[in-house]
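Here's the structure we're looking at; comments come further down.
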Amino acid sequence: MAELRRCAAASLEQYRAGQVLFEVGDRDFKFFVVKAGEVEILDSSGESPKTIAVHRPGQFTGDVAHLTGSPSLVSAVARADCEVYGISPAGLRDVLNNCPELGNIILQAFIARRQLLRESGSFTGVRVIGSRYSRDTFRIRDFLARNLVLFTWLDLESDPEVDRLLRRFGVSESDTPVVVWCERLLRNPSNRELAETLGIRRPPKQTVYDLAVVGGGPAGLAAAVYGASEGLTTVVLERTAPGGQASGTMLIENYLGFPTAKSGSELVERAVLQARKFGAELSVPAPVTGLTFENAYSLLRLETGETVVAKCVLIATGAEYRRLLAEGCERFEGCGVYYAATVTEGQVCQGEDVVVVGGGNSAGQAAVFLAKRARKVFLLILGGDLYKDMSAYLARRIEQTPNIEVLYHTTVLRMEGYKHLATVTIVNSRTGEERTLTTPALFSFIGASPRTDWLPPEIERDAKQFVRTGAAVAGSPHWNAQRQPFLLETSRPGVFAAGDVRSGSVKRFTSAVGEGAMAVQFVHEHLKGM
Ligand SMILES: Cc1cc2nc3c(=O)[nH]c(=O)nc-3n(C[C@H](O)[C@H](O)[C@H](O)COP(=O)(O)OP(=O)(O)OC[C@H]3O[C@@H](n4cnc5c(N)ncnc54)[C@H](O)[C@@H]3O)c2cc1C
């Protein structure tokens with residue numbers, strides 16, 4: 001405790017038995033260390049309050065919400081008269097940054113607590129009631145999962161609790177999907193409404209940032225960690241959820257230093273905490289729709305109409321998988337056609353036959369992950385060699401998985417169903433033979449396109465619309481500085497690009513992280529000359 005008090009101002013506070021220290025839904029609540037007595041942590045998001053933990057003298061409250069700035073998931077109540085040291089959120093950040101040993105213990109406890117809640121199977125959190133066949137139910141579940149919100153999904157089609165709960169909340173099936181949290185009920189909320197109600201959206205400030213990062217994938221998050229830790233005022237503007245493509249993958253096996261593969265979402269959760277710990281701001285959902293320039297400053301326009309002003313911008317908007325040119329594909333997106341294979345998508349595959357399209361590593365990983373849940377996985381590839389575009393270890397694993405069938409020279413012709421995907425008709429390009437597969441899910445991982453349609457002409461792109469940087473823009477008519485462009489600098493001084501969005505980049509997690517970190521070095525160089 002002495003070390004804690006050396007790092008941050010702590011106030012000694014007294015609470016009577018039954019008094020509340022903080023409640024579910026509270027934001028910017030204090031971090032408490034128990035001096036005497038007991039503090040009970042309660043899950044009050046379900047039908048009746050459940051005890052999660054009891055903290056005794058020497059123990060402390062709190063979890064990752066302190067760092068993410070999101071509201072508390074639990075309530076804390078004095079179980080007996082107690083004395084606690086209370087530390088403000090800013091004070092806690094000082095402890096994490098200035099007392100490394102103590103900070104590590106606290107941070108590890110926060111991460112472990114969130115993990116325990118997630119894996120407990122009994123924590124209710126936000127409740128989503130909706131049908132597995134509804135596109136909006138999928139959108140909401142996907143948004144919550146990617147933003148690391150703990151939630152319970154009650155499937156209208158199979159959950160015996162649904163009727164009773166709908167009656168209790170005074171809504172009918174036609175109102176679904178509905179989201180219930182802290183006595184609030186939302187009918188089919190938009191992602192933004194959800195983010196605002198759950199307190200996960202923080203609007204960007206009216207200030208001039210040193211660095212505005214567009215895109216919160218691995219490249220953007222790495223830039224946020226390095227930028228903020230090196231003293232730059234840094235904001236990350238992310239369209240849907242931090243993590244980018246990495247949060248759409250179950251396991252990353254080739255990330256340096258993690259021989260026992262890590263899930264994309266776990267790496268992302270840690271990266272977000274790291275960025276927040278150093279003081280980077282993260283605004284989600286914050287789709288950027290335009291970039292203009294005023295003197296030496298960049299102005300980013302958000303879909304909401306808000307504007308963010310920055311001295312330097314990092315374009316880290318990555319790439320997104322292309323839509324299949326098959327009849328019906330667009331119609332079934334979110335209700336049968338998916339571009340990621342995580343637990344959220346996996347829930348519709350239990351015991352079913354599913355289709356994965358693509359010959360690269362992303363398709364391979366998806367097939368292996370889905371094979372654990374599905375009855376059978378059909379992997380469709382255009383060519384005749386599984387090893388051509390896929391890492392050998394993954395191709396071997398596919399060959400060794402009995403319930404994956406690789407269909408070579410095969411493509412999708414059409415998709416059919418009523419409200420949800422029901423059948424996929426495929427064709428063999430060699431023989432012309434057609435076959436119809438009965439399936440509720442098709443996972444598409446064919447070539448990716450960069451997300452650069454929001455950029456102005458001053459930012460040069462290659463023929464496939466990836467952003468050009470470094471030597472490739474040295475002679476650009478848009479380049480208006482005396483010096484040569486830095487390695488990751490675009491055709492506009494002070495605007496950089498990193499990760500999958502950059503022309504010529506290696507499309508890998510590690511390289512995106514490396515480029516994001518490297519870009520910060522060039523940001524410093526540019527700021528020196530401003
Ligand atoms: C299924 C799958 C499995 C993979 N497995 C591996 C693996 O095992 N190993 C490996 O090394 N790599 C793997 N990859 C590749 C790796 O994930 C990518 O190379 C990496 O995510 C690229 O990072 P990025 O930050 O450049 O872009 P992205 O990850 O694409 O992130 C870009 C972010 O920008 C946001 N964004 C886009 N437009 C806007 C806008 N206008 N405004 C605000 N935000 C915006 C997006 O929402 C997204 O979050 C895999 C990819 C997939 C899809």
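Overview of results
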quantity: Filter pass, residue 256 being more than 19 Å from the chain's Cα centre (by Cα), assigned to a loop (DSSP other than H, G, I, E, B), away from the ligand (no atom under 11 Å from the Cβ) and among the aliphatic types (A, V, I, L, M); calculated: no
quantity: Matching residues in region 233-251 - criterion: being more than 13 Å from the ligand (Cβ to nearest atom) and open to solvent by 20 Å² or more (accessible area, probe 1.4 Å); calculated: 233
quantity: Residue among 171, 179 that is at negative phi and in a loop (DSSP other than H, G, I, E, B); calculated: 171
quantity: Per-region count, region 350-371, residues out of contact with any strand residue (DSSP E or B) (no Cβ under 6 Å at 6 or more places or on another chain) and either within 15 Å of the ligand (Cβ to nearest atom) or within 21 Å of residue 448 (Cα to Cα) (or both); calculated: 9
quantity: Qualifying positions in region 343-386 - without any contact (Cβ under 8 Å) to a residue 60 or more places away in the chain, surrounded by fewer than 23 Cβ atoms within 10 Å (Cβ to Cβ) and assigned to a loop (DSSP other than H, G, I, E, B); calculated: 350, 351, 372, 373, 375, 382, 383, 384, 385, 386
quantity: Any hit, region 260-283, residues being assigned to a loop (DSSP other than H, G, I, E, B), within 14 Å of the ligand (Cβ to nearest atom) and open to solvent by 40 Å² or more (accessible area, probe 1.4 Å); calculated: yes
quantity: Residue that is assigned to a loop (DSSP other than H, G, I, E, B), modelled with pLDDT of 95 or more and either open to solvent by 40 Å² or more (accessible area, probe 1.4 Å) or among the acidic types (Asp, Glu) (or both), where the choices are 453, 389; calculated: 453
quantity: Region 284-315, subset assigned to a loop (DSSP other than H, G, I, E, B) and more than 11 Å from the ligand (Cβ to nearest atom), residue most open to solvent (accessible area, probe 1.4 Å); calculated: 295
quantity: Hits in region 457-468 (condition: of a type outside the set (A, V, I, L, M, F, W, C) and within 13 Å of the ligand (Cβ to nearest atom)); calculated: 465
quantity: Residue in region 432-452 that is of a type in the set (D, E, K, R), in contact (Cβ under 8 Å) with a residue 12 or more places away in the chain and within 16 Å of the ligand (Cβ to nearest atom) present; calculated: yes
quantity: Qualifying positions in region 478-530 - of a type in the set (Ser, Thr, Tyr), within 8 Å of the ligand (Cβ to nearest atom) and part of a loop (DSSP other than H, G, I, E, B); calculated: 505
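The values are calculated or read from the model by the stated rules, or taken from the named source; none is laboratory data. Just so it is clear, the model here is predicted, and its values are computed rather than measured. Positions of Cβ are generated from backbone atoms using ideal geometry, with glycine treated the same way; all protein chains shown enter the neighbour counts. For accessibility, only protein heavy atoms count, side chains too; no ligands or nucleic acids. Shrake-Rupley method; radii C 1.70, N 1.55, O 1.52, S 1.80 Å.
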